[in-house]
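These notes are about the structure you will find just below.
Derivation of every value follows stated rules applied to the coordinates shown; laboratory data play no part. Just so it is clear, the model here is predicted, and its values are computed rather than measured. Don't worry about glycine lacking a Cβ; one is built from the backbone with ideal geometry, like all the others, and counts go over all protein chains shown.
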Amino acid sequence: MSPARRRTSEEDGGFVDFGETARLVDPAVAGLLSQGERRQAEARLPQKEREQKKKEREKMRQRREEHTTYDIPVELRRRIKDLAERERVPASQIAALALLRFVQDYERRQVDLAEYKVASNSPRFDFNLNLPLEQAGLKRPVRKR
């Protein structure tokens with residue numbers, strides 16, 4: 001145990017247990033460590049498997065342009081997934097169809113975002129949309145601060 005000081009506590013004598021703090025790793029550092037471990041493990045693979053992994057990575061890199069992430073309520077995501085399973089189609093295609101229909105309705109001025117806009121605390125956006133989740137039978141998510 002090092003004589004480094006921290007908030008004093010009767011049990012530990014007011015000293016830092018560096019064995020304890022070493023387990024607390026920043027997520028970014030953990031990501032870099034795991035990435036390095038993956039690279040080392042991959043380097044040990046036979047040449048054919050390494051080439052296959054490289055092709056898979058390149059394929060994923062090319063598909064990134066087609067991938068988009070949006071924050072949506074968990075219950076809505078669950079309903080999209082259930083609908084997709086019931087219809088036996090990919091959930092991403094259900095979501096794409098819904099977004100396409102929304103954009104068409106918006107362009108035809110059948111949707112007015114003004115009625116949903118509320119002031120935003122974000123320096124990036126002037127407004128947020130207050131979605132009518134309850135009308136759709138969804139619970140409003142609890143925001144963690």
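Things worth noting here:
- Residue-level check: of (1) in a loop (DSSP other than H, G, I, E, B); (2) surrounded by 11 or more Cβ atoms within 10 Å (Cβ to Cβ), A96 misses just (1).
- Sole residue being touching a residue at least 12 places away in the same chain (Cβ under 8 Å) and in a helix (DSSP H, G or I), chosen from E75, E65, E51: E75
- Residue within region 104-121 that is polar (S, T, N, Q) and in contact with a strand residue (DSSP E or B) (Cβ under 8 Å, 6 or more places away or on another chain) present: yes
- Test result for Q104, part of a helix (DSSP H, G or I) and of a type outside the set (A, V, I, L, M, F, W, C): yes
- Residue-level analysis places K81 among those that are of a type outside the set (A, V, I, L, M), within 27 Å of K139 (Cα to Cα) and in a helix (DSSP H, G or I).
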